[in-house]
1. Just want to confirm a number: the relative contact order over segment 146-217, from Cα pairs under 8 angstrom separated by 6+ residues, in percent.
2. Taking 37 °C and 0.692 mPa s as the conditions, I'd like the Stokes-Einstein D for the chain in µm²/s, using the Kirkwood hydrodynamic radius from alpha carbon pairs.
3. Whole-Hz ³J(HN,Hα) for each residue in segment 15-21, computed from phi via Karplus 6.51 cos²θ - 1.76 cosθ + 1.60 with θ = phi - 60°, x for glycine and proline: what do you get?
4. Quick one: work out the % antiparallel among DSSP beta bridges in the chain, nearest 5.
5. I want to check the label-to-label distance for residue 73 and residue 58. Put each point 7 Å from Cα in the C-beta direction and report it in nm to one decimal.
6. What are the GluC sites (Glu not before Pro) within segment 99-136 that DSSP puts in a loop, where the Cβ has at most 16 other Cβ atoms within 10 Å?
7. Could you name the lysines in cross-link range of residue 153, using Cα to Cα under 25 Å and dropping any fewer than eight places away on the same chain?
8. For the chain, what is the relative contact order in percent, using Cα pairs closer than 8 Å and at least 6 residues apart in sequence?
Amino acid sequence: MTTDAVRGIADPTIAKVLAEFLDEQRRRLAPRTYAQYDHVIDLLQHCLNGYAYSGLDKADAELFDRLYKAKGDEHREFCGIFGPEHILPNVDEFLGYFMVRKVMCGKDLLRAAGTVTKKLAAWLAAKGHAEADEAEIAKDLGGDASRDLPAAKDLAEILGDFADEQPREGASRTIEGRFSFTRVEAGSVWIAELGDRELGPIAIPAEITGMCRAGWTFSGAVALFGKTWRIVEVWNVYP
């Protein structure tokens with residue numbers, strides 16, 4: 001990877017490489033499918049520009065700080081400074097954090113985010129922009145995301161509807177936060193806040209527990225009625 005001796009900017013940059021990727025996809029995909037690729041890559045760049053700097057070493061962090069804070073034509077975003085070796089190390093945050101928490105979208109785009117990431121990882125390796133083992137990890141993450149992100153959205157909607165029907169009057173305690181599903185059985189789940197004790201069993205219809213996965217998390221609220229906990233609010237579900 002060569003760099004501009006004066007500016008310290010990689011050649012090629014992330015932005016240039018992603019534009020090349022999209023250009024190749026445009027020539028082979030139907031317009032509707034290409035539009036999804038274009039949207040996902042745009043979101044990926046937003047994610048990299050907004051969050052990837054936190055993983056830089058000291059020298060690169062100083063370079064980023066200097067160019068990001070520059071005025072006018074000297075200003076650069078993350079994707080306009082660094083090279084494609086920074087893409088795949090940030091895929092997990094893109095799929096597991098950014099797409100779930102920062103993007104309001106439907107299941108089709110969530111599924112496409114995983115699919116496009118998987119295709120991009122393979123393309124980067126084929127072009128020599130990423131190591132094969134690194135690309136395989138990213139491809140696995142993309143494959144998981146294309147399956148799990150839409151499923152988690154479905155669960156958030158259905159579990160949220162169920163929680164909305166639960167009475168809240170008479171609760172002796174209510175906890176709001178983020179909870180993980182620690183155990184799942186037909187008709188019951190057990191949950192825990194990070195580092196806290198397990199709560200449960202919590203009764204939920206079997207058709208909903210069939211959609212839950214141990215290790216997935218949800219943000220919302222639970223309430224205690226006597227010795228029984230109920231899920232009374234669900235804001236989102238995270239694979």
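The values are calculated or read from the model by the stated rules, or taken from the named source; none is laboratory data. As the structure is a prediction and not an experimental result, all values here were calculated from the model. As a convention, Cβ positions derive from the backbone with ideal geometry for all residues, glycine included, and neighbour counts pool all protein chains shown. Areas reflect the complete protein model, heavy atoms only, side chains present, ligands, DNA and RNA absent. Shrake-Rupley method; radii C 1.70, N 1.55, O 1.52, S 1.80 Å.
1. Numbers: 85 pairs, mean separation 20.7, N = 72.
Relative contact order here is 29 percent.
2. 164
3. Residue by residue, segment 15-21 yields 4, 5, 5, 5, 5, 5, 4 Hz.
4. Values: 29 of 29 bridges.
The answer is about 100 percent antiparallel.
5. Rounded to a tenth, the inter-label distance reads 3.4 nm.
6. Values: sites: 131, 134, 136; in loops: 131.
Of the GluC sites (Glu not before Pro), the ones in loops of segment 99-136 whose Cβ has at most 16 other Cβ atoms within 10 Å are 131.
7. Within the straight-line cut-off, residue 153 pairs with 102, 107, 118, 119, 139.
8. Taking the mean separation of contacting Cα pairs over the length of the chain, I get 15 percent.
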